[in-house]
Amino acid sequence: MPGALTTRSNHAGFQGKVKTFASDFVVTEIDTLGRLLSASTAKTAPALCNTPAISKSCGPQSIHRHWPEPVELFREEERCQGLAPFDSPSHSPGEDLLPAEDSAEPVAGAAPPGGLHEAATLDSLLDKSVNELLNQFACSIKDGWDAEHAPATHLAEFSLGPVLHKRNRADLHSAIRQKFPFLMTVTRNNEIIVKANSDYKQLCQLVSEEEAFDFLKFLDAKLENSKFSFKPDGNKDHRKAVHHFISQKFGKLLETKSFSVTDFSGQQNVAIIVRFREKNWSRKRPAADLQEKQDIYTGFTLRKENLETLEAISYLSSELGVLPSDFTYTGIKDKKAITYQAMVVKKVTPERLKEIGSTIEKKGMKVYNIHSVSQQLRLGQLKGNHFDIIVRDLKLQSNDSSANLEERISEAIENVKTKGFVNYYGPQRFGHGQNVQTDQIGLALLNEEMVKAVKLFFTPEDSDDPVNQAKRYFLQNEDAKGTLAMLPEFKVREKMLLRALNRYGVNQEGCTRGWLSIPHSMRVFYVHAYCSKIWNEAASLRFLTYGSKVVEGDLVLSEENVDENSSVNDRVSVHVVTALEESANKYAISQVVLPMVGHSIKYPSNKVEQWYHERLTKDGLQTCRFRVPTLQLSIPGCYRHILKYIHNLSYHFLGDSENRIETEDDSHLNESKASLLLSFDLDPSCYATVCLGEIMKCDL
């Protein structure tokens, strides 16, 4: 762990070599269904809610649940077809009429029409495993309601993940509600959430489950001129309760009336008939959707070795003839490692992606699980990352020579497992070991020092490979055209920037145009690196000042379901801890967040706030609004938990039979040969090098 940053635990730690080989550090994304994205994974699927599991009686897998903020039900009322109001009866008072024989009226108790269509829709739009989990979720809801002493499973949620295309969302909403009327669906930021329909449960207390099932199918189908009839009911008070329920729940959409009916035995009775209210519904024109050109998206798993994610994308975009911005991914992975991550590329067919397989292998990449998808990925759209790390040449700390190495290692691992680690951004975010780190470029961009940012960008490393030769030549001569000829084709970012410099000159305007020529995601990457550096220093200051106690002025997220690192534009709300809450120990240190600087964040109301302002002033950003209009950059900021925990941790020593030597007192590891294999999971945006640094108590 770098000396400028504080640590969480006070164990002695140990020494060792990390990333001796790329295969010593294997990173595998965990998709939102909890699956490892290895070469054998079927394909990336939509998301389950990332929350504690509950057991189910319908299958071996688990359902996730949490208690979210209220979300408006997605009813799509504007698509409903209006119907004429019930006609005033043209008969004697007290005389009721049967519904017209040609009305499209579902019969309560009959098997619901369709079903095959809904199943086909779900099969076509959902991954097979997600479809199975959806069925299991539905089963768990019914089982929970049927159980005599059931837990509150009606609060459970199941996420289908983001569905970007509006038509696909509408089809999924309809298919799920038709197949499972006891479920309701909502849309939250393009993500479809499925949960129990409390209206169904309430209606089942008034009518049979069969009628409730059919009624909600009728309601969601919204067929023109359709009516629904409940079973004949001679109890006036009971009918009144049903009328009241429908009026209260669906009064703006439906109207009810009691009609006299004759049952099969010829006996007169009364039944409630339901139909849609007359309204001039505004129809959305589907023609535009039909004519809309469907974009081509191809999803795949990328395996890369000794490559940065953005560098790998540069290679791929060059081979496929698309822009780097046509690639989306859930996060940036380590360079000196073997990593597996989900990606989606736009405007490239699966067949075309397969064609470049042999070419990109020479660059240290392989692609697996190639398949068509309907949408792009977004940053953070994963459950976490799994790490398999080998630490070689294990040794005790220099001042700890008399201790038992194996005991020291076990103590360190168990300590961090229990106490967690400070959630710093890792050194790879800043270009660890490079002559110029990414946060320096980000600071220059925030200060609108465009020429300085370009020269920092082209600062070479000490090696003499073609890329660094070209960078060295540019700094010496400011010859953009000549540098272009020297750079390899895969250096897409550098070439984009140089073309603009060649056209507009190496001056303020030319460098501004140069930065604008590279994708927005890459421009903002440098600014985020600077913001991350400030966050690291703030977290260290926070622990040095207040330790592990939650104090007045600290920030905690107000809503439990909000993901950390959510932009403040995503309606993240933070709460400032009060003196009373501090004295009552209401919050744990793991709930405390710190802001990553931006134009819309709230600072803690204690000494940490003063530090933020002083630190930004030191970098000349005292008046910075974290907006650079000339570069189309707007940094709202986000909040990040200051403490994180390791999950699913296991470890063992490699080659025990070779690495042990027997003594009279004990057996211990042979320090010259000992290696340690660690396997664990971390939440999104957590860094394994940070966690490992906390365990080992040494710089990595």
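Worth pointing out:
- Computing FRET efficiency as 1/(1 + (r/R0)^6) for Lys354 and Glu489, where r is the C-beta to C-beta distance and R0 is 25 Å, gives about 0.75.
- On the basis of the beta-carbon distance and an R0 of 51 Å, Phe21 and Asp143 show a calculated FRET efficiency of 0.55.
- Residue-wise HN-Hα coupling along the range 513-528, computed from phi with Karplus coefficients 6.51, -1.76, 1.60 (Hz; x: Gly, Pro): 5, x, 5, 5, 7, 9, x, 4, 4, 7, 4, 6, 4, 5, 5, 4
- In nm, spacing of pseudo-spin labels at Ser401 and Ser208 (7 Å Cα→C-beta vector): 8.7
- Here the simple spin-label model places points 7 Å from the Cα toward Cβ, and for Ser605 and Glu461 these points are separated by 4.8 nm.
- For the range 172-271, the list of chymotrypsin sites (Phe, Trp or Tyr not before Pro) that fall in a loop by DSSP and count at most 10 other C-beta atoms within 10 angstrom reads Phe264.
- What the phi angles of the range 453-468 give under the Karplus curve with 6.51, -1.76 and 1.60, with θ = phi - 60°, is a coupling list of 4, 5, 5, 5, 4, 9, 5, x, 7, 6, 6, 10, 6, x, 5, 6 Hz, glycine and proline written as x.
- Fully extended contour minus Cα-Cα distance, from His613 to Gln434, at 0.36 nm per residue: 61.6 nm
- Exceedance of the 18 Å cut-off in Cα-Cα distance is limited, within the set Lys304/Lys336; Lys17/Lys697; Lys231/Lys257; Lys395/Lys697; Lys335/Lys495; Lys17/Lys304, to Lys335/Lys495; Lys17/Lys304.
- Here's how it looks for Tyr340: its modeled amide H is under 5 Å from those of Val27, Thr28, Glu29, which are all 5 or more places away or on a different chain.
- Taking amide H atoms as placed 1.01 Å from N in the peptide plane, the amide H of Gly16 lies under 5 Å from those of Lys395, each 5 or more residues away in sequence or on another chain.
- Database remark: amide H of Met596 closer than 5 angstrom to the amide H of Cys638, Tyr639, Arg640 (H placed geometrically; neighbours at sequence offset of 5 or more, or on other chains; Pro and chain starts carry no H).
- In the range 458-518, a dipole from Cβ-located charges (positive for Lys and Arg, negative for Asp and Glu) runs towards its positive end, and of Phe458, Gln469, Gln508 it is Gln508 whose Cα lies farthest in that direction.
- Each residue of the range 122-134 was assigned a 3J(HN,Hα) from its phi angle through the Karplus curve 6.51 cos²θ - 1.76 cosθ + 1.60 (θ = phi - 60°); the sequence is 5, 5, 7, 9, 10, 4, 4, 5, 5, 4, 5, 5, 4 Hz, with glycine and proline shown as x.
- Take the Cβ atoms of Asn477 and Ser634, set R0 to 35 Å, and the FRET efficiency comes out at 0.50.
- q = 0.15, 0.16, 0.21, 0.26 Å⁻¹: log10 I(q)/I(0) that the Debye formula gives for the range 458-518, counting C-alpha atoms only: -0.38, -0.44, -0.74, -1.08
Quick note: the coordinates plus some simple rules give every number you see, no bench work behind them. Every value quoted in this text rests on a predicted model; they were computed, and no experiment measured them. Cβ sites come from the backbone with ideal geometry, for glycine too, and all protein chains shown count toward neighbours.
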